[in-house]
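Have a look at the structure below, then the notes.
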Amino acid sequence: MKKLLSYAALIVLMFAIAACDDGDNGEKPAGDGPVLQACLNALRVDPGELDPVFSSDTLSYEVSVDASFTAVTVTAVPDDGTRVSVNGNDVSADDYSAEVGLAGERTVITISASAEGLLTREYRITVVRAAQNPVRNWSFESYEIVGDTGIPLNWTVSTASGEFIATGNYAHDGSHSGIFTKLTGTIAGREVLSDAIAVDPSRNLTVSCGIYLPREDRNPGRAGAGIKIYYFTDRECLVPCENASDTKPRVTPAQEGVWEQVSFERVAADIPGDAACIRIALRACFIASAGGTDEDVIYFDGVSLSQPD
Ligand SMILES: [Ca+2]
C-alpha cells in the first residue's frame, strides 16, 4: 500500500510541476494522500533584505528599512501556471510586483501563491521601520585594528591628511570614543564622514554628538568642533544636491572634563527637497588664539540623527 501511494505521488508530481514538495509548513488535507502546494520561486523586497534568506518552504520573513521609507515594492515570482496575490490583490499581470505602503513601525504583507489543483500557500513579510535613522557605528565601538591603532568602521576621513581613530581613554557611550590624531588650526583641516544615512527631506532633522576636552586646567576654548551635513540625491551618496551641504559654525567646550552635547538642527525648509541621503561630517581644530596647539585632542562620541514625525 505504501509503495502504491508513493507511485501515485510520483505521477501527480509529473503532471503538476508547478507544485512544491511537501514541506513541514503545509497544512494537511483530509486523507492520507501526499500534499502538493503552489509556491514561489523567488521573493524580494525593495528596499530591504529578507531575513531569513528566501526559501520556497519558509513562510515567514522580516525586513528592516529606514524610517524614511513610506512604501516597499514586493516581487514574488512563482512557477508557471501559478497566480500570485499581494494583500489579496492579484499581481500576476504586473510582473508579480506590487508597491505596498508602510504605516507605523510594523507592516505585515501577505503573499499568496495559488494554482489549480494545488493547495494555496501563504507567505508573510513583516516590514519593520526603524524609529530613528541609524548612524552606523554611532559610538565608535566597532573598529579595525591597523598596526596598533583602531580605525572606526563606517567612518571615512575626507580631508587630504589626518587620521581618525578609536580610543579607550574617554567615552560617553560604551568604552570608546573617536579622535583625530593631530589637529590643525582650521576647522576644515580635519573632517571624518559617516556612511550614508537615508533621510526624509520633508521632515526637520537634528544631528547631535558629544564632545569632550580632557581636564588640564587650561582654557576649555583651546579646541573646537564642528558638524557639517552633506546632502545627496541618491542612496549611494554619489550625486550631491545642488545645495550640497550645511555647516554648523565651530563650537568650543564650555568646561574641561565634561561631555557636552553639540546639536545641528535643520528645519525641513532648509533641507534640499531632492535629498535622499546625508553623510554627517565631524570636524575639529585647535584654536591658537585661545592657547590651543596641535597637541590638543577633542573627543567625539554618541553621534545621532533624528527626524521627529
Ligand atoms: Ca563610544
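The values are calculated or read from the model by the stated rules, or taken from the named source; none is laboratory data. Nothing here was measured: the structure is a model prediction, and the numbers come from that model. Cβ coordinates were reconstructed from backbone atoms using ideal geometry, including for glycine residues, and neighbour counts include every protein chain displayed.
Considering (1) touching a Pro at 6+ places or on another chain (Cβ under 9 Å); (2) free of Cβ contacts under 8 Å to residues at least 60 places away in the same chain, say which one Ala115 fails and leave the rest.
(2)
Name the single residue that is farthest from Ser306 (Cα to Cα) among those in the range 150-162 being away from the ligand (no atom under 15 Å from the Cβ) and in contact (Cβ under 8 Å) with a residue 24 or more places away in the chain.
Gly162
Ile125 fails exactly one of the following numbered conditions: (1) surrounded by 19 or more Cβ atoms within 10 Å (Cβ to Cβ); (2) assigned to a strand (DSSP E or B); (3) more than 10 Å from the ligand (Cβ to nearest atom); (4) not assigned by TED's automatic domain parsing to the domain that holds Cys39. What is the number of that condition?
Exception for Ile125: condition (4).
Which is away from the ligand (no atom under 16 Å from the Cβ) and crowded, with 19+ Cβ neighbours inside 10 Å, of Val199, Val192?
Of the residues listed, the single one that is away from the ligand (no atom under 16 Å from the Cβ) and crowded, with 19+ Cβ neighbours inside 10 Å is Val199.
Can you go through Ile165, Ile187 and tell me which one is under 27 Å from Glu256 (Cβ atoms) and away from the ligand (no atom under 16 Å from the Cβ)?
Ile187
I'd like the full set of residues that are within 13 Å of Pro134 (Cβ to Cβ) and in a loop (DSSP other than H, G, I, E, B), limited to the range 187-203.
Taking the range 187-203 first, the residues within 13 Å of Pro134 (Cβ to Cβ) are 194-199.
If the condition is that a residue be within 13 Å of Pro134 (Cβ to Cβ) and in a loop (DSSP other than H, G, I, E, B), then Asp195, Ala196, Val199 are the ones that fit.
Return yes when Gly162 is assigned by TED's automatic domain parsing to the domain that holds Asp301, at pLDDT below 95 and closer than 17 Å to Tyr299 by Cβ and no when it is not.
Spelling it out, Gly162 is indeed assigned by TED's automatic domain parsing to the domain that holds Asp301, at pLDDT below 95 and closer than 17 Å to Tyr299 by Cβ.
Scan the range 162-186 residue by residue and report those that are under 13 Å from Phe140 (Cα atoms), touching a strand residue (DSSP E or B) at 6+ places or on another chain (Cβ under 6 Å) and assigned to a loop (DSSP other than H, G, I, E, B). Talk me through it step by step, then tell me what you get.
The first filter runs over the range 162-186 and keeps only residues under 13 Å from Phe140 (Cα atoms), leaving 164-180.
So of that shortlist, the ones also touching a strand residue (DSSP E or B) at 6+ places or on another chain (Cβ under 6 Å) come out as 164-167, 170-173, 176-180.
Result: Tyr170, Ala171, His172, Asp173, His176.
So, of the residues in the range 128-146 that are in a strand (DSSP E or B) and away from the ligand (no atom under 16 Å from the Cβ), which turns out to be modelled with the lowest pLDDT?
This residue is Asn133.
Kindly list the number of the only condition in (1) modelled with pLDDT of 95 or more; (2) within 13 Å of the ligand (Cβ to nearest atom); (3) on the phi > 0 side of the Ramachandran plot that fails for Gly174.
Tallying (1) modelled with pLDDT of 95 or more; (2) within 13 Å of the ligand (Cβ to nearest atom); (3) on the phi > 0 side of the Ramachandran plot, Gly174 fails exactly one: (1).
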